[in-house]
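Structure first, commentary second.
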Amino acid sequence: MAHRPPFVARASTRPTSWWLATLKKRAGRMREEHLDLGEPIAFVDPRERWAAINFFNAAFRAEESGLRQAHELADEVGRWDPELAEVLELYGNEEGWHRELLEAFLGALGGEVRPMGKVTRAFYAIYARAKRMETIVLTNLMFETIGATTYRLALGRVEHAAARQMLTILTRDESFHVPLNVHFLSRILERRPQRARRRLKLVYQLLFVSLLALPFASRPKAQAFDKITRRELSRAYAEQLARLFTHEPSLGLSPPRALLALLGIRDEDLLEPPLAATGGDAAESAAVREQVEVHAL
Ligand SMILES: [Fe+2]
Ligand SMILES: [Fe+2]
């Protein structure tokens, strides 16, 4: 792309020690935050409740997968970079905390953790088979991006106070996990040969297209709760994913232009930074959760 995004500190330029110190600070305060589930959550009709339970079940599965992958990667990375392994461990713990919150929240909705649906199961089965570290981290990075985007859009539409609190926590933390995963990917790619980067470009294009198709599966299940249409969601995924990689040129992954054009996304739409913090003050203040301002889409 001809334009260079107006960024000072990119996620990929922060040292591992910064991420470690930041995650340690966050870990120290993690358990101080509690969901306020005193008020019963009133839904318009049973369908809205059913959709809310679906929505937060999908979130639960994402946390579960994130936790497992992060801790498995930590074991592997520990052989060559113990500091980065510690960062992965703490990152996995944050996902574990989200998983606990979501389980409690599902209970408050009158729901529970359900077995995965066909599409979700197939997606995670493919993901679990990925062996190369760069594939796992890229998938995670893109998944964090679409997660943060979904939560942020939902926050702009959902009015239940307790659901808004849950969505705010998830939006804030997954937005922080995006630049963190950029850091993981950068560190891993540094150690991999050129051909690994070429292969990753193919994986990236495939993932990009697949993730934009996810709303076809999620909308019938969750739209009655989050009020996001399929087109809005696919477009938002495309725009946020495209901005992220445009603003992190060192990863060498450029979004599929033809697909963006189909969705009406122009080059100038990519000039703005992605909503998930990729650098500068946003990542800095993320160390102290209560200082983070979470904006809805
Ligand atoms: Fe999470
Ligand atoms: Fe996350």
Worksheet item: Restricting the search to segment 122-160, which residues are open to solvent by 30 Å² or more (accessible area, probe 1.4 Å) and closer than 14 Å to Ser210 by Cα?
Response: Ala122, Phe123, Ile126, Phe143
Worksheet entry | Pick from segment 40-81, criterion among the basic types (Lys, Arg) and within 16 Å of ligand 1 (Cβ to nearest atom), ranking: most open to solvent (accessible area, probe 1.4 Å) | Arg68
Practice prompt. Residues that are within 13 Å of ligand 1 (Cβ to nearest atom) and without any contact (Cβ under 8 Å) to a residue 60 or more places away in the chain: find the helices (runs of 4 or more DSSP H) completely inside segment 82-159 holding 3 or more of those.
Written response: 82-108
Discussion item. Among the residues that make up segment 41-56, is at least one of them assigned to a helix (DSSP H, G or I) and under 16 Å from Ile169 (Cα atoms)?
Written reply: yes
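The values are calculated or read from the model by the stated rules, or taken from the named source; none is laboratory data. No experiment lies behind these values; they were computed from the predicted model shown. Don't worry about glycine lacking a Cβ; one is built from the backbone with ideal geometry, like all the others, and counts go over all protein chains shown. With ligands, DNA and RNA removed, areas are computed over all heavy atoms of the protein, side chains included. Shrake-Rupley method; radii C 1.70, N 1.55, O 1.52, S 1.80 Å.
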